[in-house]
Amino acid sequence: NITWPLTGLEVSGCNPDLSPYSLPAGYQQPTWTGGQCAMIGSSYTDKVFYFSGACKKVVREWELINCCDFNVYTGEGIFRFFQEIDVTVSDVPQVICPSDVTVESYDCVGSYVTVPGIEVPNTECSDAVTIMNDSPYALNGGADASGNYPIGTTTVTFTADYGCWQKTMCQVDVTVTDNTTPTPYC
């Protein structure tokens, strides 16, 4: 007579302790009652599915064996149960967006612009943050939006993805002014 642990638990944090004894009552481990000959042992294995950032799903497979009834050929005497544990991030820190950037160009085309990256305050989850930018002129799409920008203003959106579909965004205007002196033709 087995009472399996409850399933569908949601735990918040970046690296929470998911050992059975750390979980709330009812979610910890199976319990059982048996006859006089019942010699029951238990074990579990975790399969961890990572999504993004700190977001993951743990499928814990519990196995109980009754050594009095176990048959190696038929599997009789082994009982299995799957428990689902979701790990999410509830405390999403705010990012510190850099100030707007203005540079001068002297060739009527544009200029290389060094764009400061956004800052992510150090928190328990800051290591799990992925930073992206949407600038078509950046040399890469990550935290560094520096690159060759044309004359005019380009709005760059930075996105900090904390996983579990939680994102924080901020924008920076990158302006390149044309300071080429006019050339008179006679």
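The values are calculated or read from the model by the stated rules, or taken from the named source; none is laboratory data. Because the structure is a prediction, the values reported are computed rather than measured. Every residue, glycine among them, receives a Cβ derived from its backbone with ideal geometry; neighbour counts consider all protein chains shown. Accessible surface is based on the protein model in full, side chains and every heavy atom, while ligands, DNA and RNA are left aside. Shrake-Rupley method; radii C 1.70, N 1.55, O 1.52, S 1.80 Å.
Taking 0.36 nm per residue of sequence separation and removing the Cα-Cα distance, the residue 130/residue 167 pair yields an extension gain of 12.4 nm. Modelled spin labels at residue 81 and residue 153, positioned 7 Å past Cα toward Cβ, are 6.2 nm from each other. The candidates 96, 131, 151, arranged from most to least accessible area with a 1.4 Å probe in the full protein assembly, appear as 96, 151, 131. The 1.4 Å probe gives accessible areas that order 156, 120, largest first, as 120, 156.
Protection proxy ranking of 177-183, 1-7, by the mean of other Cβ atoms within 10 Å over each peptide's residues and highest first, is 1-7, 177-183. Computed from the C-alpha gyration tensor, the three semi-axes of the ellipsoid equivalent to the chain are 61, 15, 9 Å, from longest to shortest. The slack between residue 180 and residue 103, meaning 0.36 nm per residue of separation minus the straight C-alpha distance, is 26.5 nm. Taking the accessible area of the chain, probe 1.4 Å, and keeping the other protein chains in place, the carbon and sulfur fraction comes to 52%. Residue 97 contributes an accessible area of around 40 Å² to the protein surface, as traced by a 1.4 Å probe with all chains present.
Exposed loop sites were defined as chymotrypsin sites (Phe, Trp or Tyr not before Pro) in DSSP loop states (anything but H, G, I, E or B) carrying at most 16 other C-beta atoms within 10 Å; in the chain the longest segment without such a site runs 107-164.
Per residue, the chain exposes 60 Å² of accessible surface when a 1.4 Å probe is rolled over the protein heavy atoms with every protein chain present.
Normalised by the number of residues in the chain, the mean separation of alpha-carbon contacts (under 8 Å, six or more apart) gives a relative contact order of 20 percent.
Multiplying the sequence separation of residue 29 and residue 47 by 0.36 nm and subtracting their Cα-Cα distance, what value in nm do you get?
Difference between extended and current length: 4.8 nm.
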